[in-house]
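The values are calculated or read from the model by the stated rules, or taken from the named source; none is laboratory data. In this text the structure is predicted, and so the values were computed from the model without any measurement. Cβ coordinates were reconstructed from backbone atoms using ideal geometry, including for glycine residues, and neighbour counts include every protein chain displayed.
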Amino acid sequence: MKIVELPIPEPVKEVLLRSGIVELYPPQEEAIKAGALEGRNLVLASPTASGKTLVAELCALKHVLEGDGKVLYLTPLRALANEKYEEFKKYSAITKPDGKRVSVGISTGDYDSSDPWLEHYDIIVATNEKVDSLLRHKAKWLDEVSLVVADEVHLLNEVERGPTLEVVLARLMQTNPDIQILALSATINNVEEIAEWLKAGYITTEWRPIVLKEGVLLHNEVQFKDGDARKIEKEVKNPAINLALHTVKTGGQALIFAATRKSAVALAKKTAKKIEEVLSKPAKRALEREAERILGAGEKTRISELLAELVKRGVAFHHAGLGGEHRKIIEDTFREGKIKVLTATPTLAFGVNLPARTVIIYDYRRYEPGYGYYPISVLEYKQMCGRAGRPKYDKIGEAVIVARTADEADYLMESYVMAKPERIWSRLAVERVLRSHVLATVAADYAHTEAGIYEFFGKTFYAYQYDVAAIKGVIAKILKFLYDEEMIDVSGVNIYATRFGKRVSELYIDPVSAVIIRDALRQKPPLLTELSLLHMVCHTPDMGPVLRPSTKELDSVAVFLEEHRDEFTVPVPDEWEDRIAYEQFLGEVKTAMVLKAWIEEASEDEIIEKYRVQPGDLYRTIESAKWLLYATHELAMLFNNKEIPPLASELMERVEKGVKKELLPIVRLEGVGRVRGRILYNAGYKTIEDLKHAQIEDLMNLPLIGPKLAKKIKEQVGGFIRKEALEKLEKEEEWKQKALTEY
């Protein structure tokens, strides 16, 4: 089916033809024939790179341009939301019938807002959690949504992310029965069940634009699923590196999945030794520039230096421990074909689109802190395989799983390569997961009786797969907890949220976290300090996994705990009575210690060295702490607590910026972070007034400031800049840049 033949507006056809899309892939054609453009609900289950997003784009533009509708595009991850937002922006030059242009918006953060500004956008890309939060805030514009696209819908199977997606879809179907739902998924076993739940048709296919060859690598021979076999030249002991090297020598790129971060880094180091030998001089020069970008992004740390060193040699690693800026550089450079081999943890398989000619699954087991190693699911294995083959570059993509013995090779061929992905099961009926969704159902006025609550949860995928009776017991237990903790009240058959319950639901925190914060507000410790609040937020379930002390650190964290015992808002568990609770508490204390070091301006490198915390984990902890400190401020205001709000508010800003209190006025300026803020302060510019009266020449001569930032600072503080001085500085900077380029 040709693009020109499609029943879609002409300007959309023009955009697609300009981008080189002339005809549809078979799964896309099937989706059109199944009524996707006529408003029918549809589940499209097909492999990565088979063109699912284009079907979503066609449906979205049809709704916006012909139906005066609004589109909501759901993704499980922020990185994926950003990717989809960029893809949709190509349509923003198209004019709608009302004369305005098609507008695309994105929202992934701030869970305590209804984001009224989003009503001005036609296509809104958001994470599942953000939309859940918008539903709790009763965002009015959600009523105008006529199409919902649920990306990666197979993640219903995931304990952490699945239930939110499930509740969001059930809620949207409840509030707007006429809404069209387009669910996009990897190939799964029970797609018809998901389709029936969504009252949708379904298409399931194995078709992909690039032929995928799956196989098992044992020593230096790959045995493929289709009976084909290939010997790989042995250059080093590790067969995965030999296969990666073979791929690079034949003009391709390789993606190696490792079980742990440590393993991914170790593999990258070993691979780099061989890859740099096969790089051309122009490739090395291009990689030098990317390495410089890595060193220039954020604070210089041991990790950024190692990453830059590896990138120079054509290799990189990618895992959740990396900072956002570094991760983006690595992803872009790999997409551009400059980085030849990327080692990654399995989380990448569910994230952004990074295809490679050869995908090597180095370890089929996955490591989870506290659980140890366990075999990955077939679905996860297939997701990794889906990354094999770069559209427009490769005719064939190869996905190879590594075996250590002949027995293991047989097991892997049977259990992964030849196997079908598992069925998707709802993960909703877990008390910890369900708690906030039950509260939200009452607090946001979606149901006001026990029967009404059961009726809503009767519309979920869980109730479809099992029966609402199976979930009733858990809901009843949760309702009792919410009543006992004064988040809901009962009058006859009616159930209402209290002011406390309503605010907790809006703040998008676990009711258990809210109880911990409320109790701390009511019964403050003998000595209330920054540490009191930092540990309190680390004690909540919303902090996520705490930073557990290593065996070497246990004693020093225990000593710190004893020294600060009077500052904790919760009792310290007895070390001998409950060892598990005590060790969890030590993890919370260590996490609070890391946050304290951060706001005392310890450098990232010092934190990495002292606490063995990687940048990505540090940023995740900072984000969680910031949100929980905001929730603490809001709940303290609700309970008329006078002492906590100013402390929580100041601490929230210090955690966000990573500075001591004295730097706050300066780091509020755009472009001035914690490092530059300290440089300015130590040079005598301690207030906004000081900066107002500063000479621009003096500012630009400070380390890491320069003319651009000096000018920006002066513009923000309202200081006077002599025109001649500015011109002179800009010329000097231009000359410097020119000299550097020529060099």
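So the values come out like this:
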{"read-out": "Hits in region 466-489 (condition: touching a residue at least 24 places away in the same chain (Cβ under 8 Å) and of a type in the set (Ser, Thr, Tyr))", "value": "466"}
{"read-out": "Unmet criterion (only one of (1) part of a helix (DSSP H, G or I); (2) surrounded by fewer than 21 Cβ atoms within 10 Å (Cβ to Cβ); (3) within 27 Å of the chain's Cα centre (by Cα); (4) not small (Gly, Ala, Ser)) for residue 598", "value": "(2)"}
{"read-out": "Hits in region 552-595 - residues which are part of a helix (DSSP H, G or I), over 18 Å from residue 651 (Cα atoms) and among the charged types (D, E, K, R)", "value": "555, 562, 563, 565, 566, 579, 583"}
{"read-out": "Residue ranges of strands (runs of 3 or more DSSP E) in region 337-395 with at least 2 members basic (Lys, Arg) and modelled with pLDDT under 90", "value": "365-368"}
{"read-out": "Every pair of residues 6+ apart whose Cβ atoms lie under 9 Å, when the first sits in region 417-443 and is without any contact (Cβ under 8 Å) to a residue 24 or more places away in the chain and among the β-branched types (Val, Ile, Thr) while the second is crowded, with 23+ Cβ neighbours inside 10 Å and not in a helix (DSSP H, G or I)", "value": "none"}
{"read-out": "Tally of residues being under 18 Å from residue 401 (Cβ atoms) and touching a strand residue (DSSP E or B) at 6+ places or on another chain (Cβ under 6 Å) across region 259-285", "value": "5"}
{"read-out": "Residue check, residue 648 out of contact with any Gly (no Cβ under 8 Å at 6 or more places or on another chain) and surrounded by 16 or more Cβ atoms within 10 Å (Cβ to Cβ)", "value": "yes"}
{"read-out": "Odd one out for residue 239 among (1) touching a residue at least 60 places away in the same chain (Cβ under 8 Å); (2) under 31 Å from the mean Cα position of the chain (by Cα); (3) under 17 Å from residue 341 (Cα atoms)", "value": "(2)"}
{"read-out": "So residue 630, is it among the aromatic types (Phe, Trp, Tyr) and outside the structural domain of residue 533 (by TED's automatic domain parsing)", "value": "no"}
{"read-out": "Filtered residue count, region 607-637, keeping only those that are among the polar types (S, T, N, Q) and either in contact with a Phe, Trp or Tyr (Cβ under 7 Å, 6 or more places away or on another chain) or not in a helix (DSSP H, G or I) (or both)", "value": "1"}
{"read-out": "Hits in region 592-619 (condition: more than 22 Å from residue 295 (Cβ to Cβ) and of a type in the set (Gly, Ala, Ser))", "value": "592, 597"}
{"read-out": "Single unsatisfied condition, residue 20 versus (1) in contact (Cβ under 8 Å) with a residue 40 or more places away in the chain; (2) surrounded by fewer than 16 Cβ atoms within 10 Å (Cβ to Cβ); (3) not in a helix (DSSP H, G or I)", "value": "(1)"}
{"read-out": "Residue 134 being closer than 22 Å to residue 114 by Cα and within 27 Å of the chain's Cα centre (by Cα)", "value": "yes"}
{"read-out": "Test: residue in region 44-53 that is closer than 27 Å to residue 155 by Cβ, assigned to a loop (DSSP other than H, G, I, E, B), modelled with pLDDT of 95 or more and not assigned by TED's automatic domain parsing to the domain that holds residue 324", "value": "no"}
{"read-out": "Number of the condition not met by residue 91 [criteria: (1) touching a residue at least 60 places away in the same chain (Cβ under 8 Å); (2) farther than 25 Å from residue 5 by Cβ]", "value": "(2)"}
{"read-out": "Count of residues meeting criterion [assigned to a helix (DSSP H, G or I) and polar (S, T, N, Q)] in region 678-715", "value": "1"}
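One line per residue, one yes/no per condition, for (1) in contact (Cβ under 8 Å) with a residue 60 or more places away in the chain; (2) in contact with a helix residue (DSSP H, G or I) (Cβ under 7 Å, 6 or more places away or on another chain); (3) of a type outside the set (Asp, Glu):
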site	(1), (2), (3)
132	yes, yes, no
137	yes, yes, yes
147	yes, yes, yes
156	yes, yes, yes
178	no, no, no
189	yes, no, yes
202	yes, yes, yes
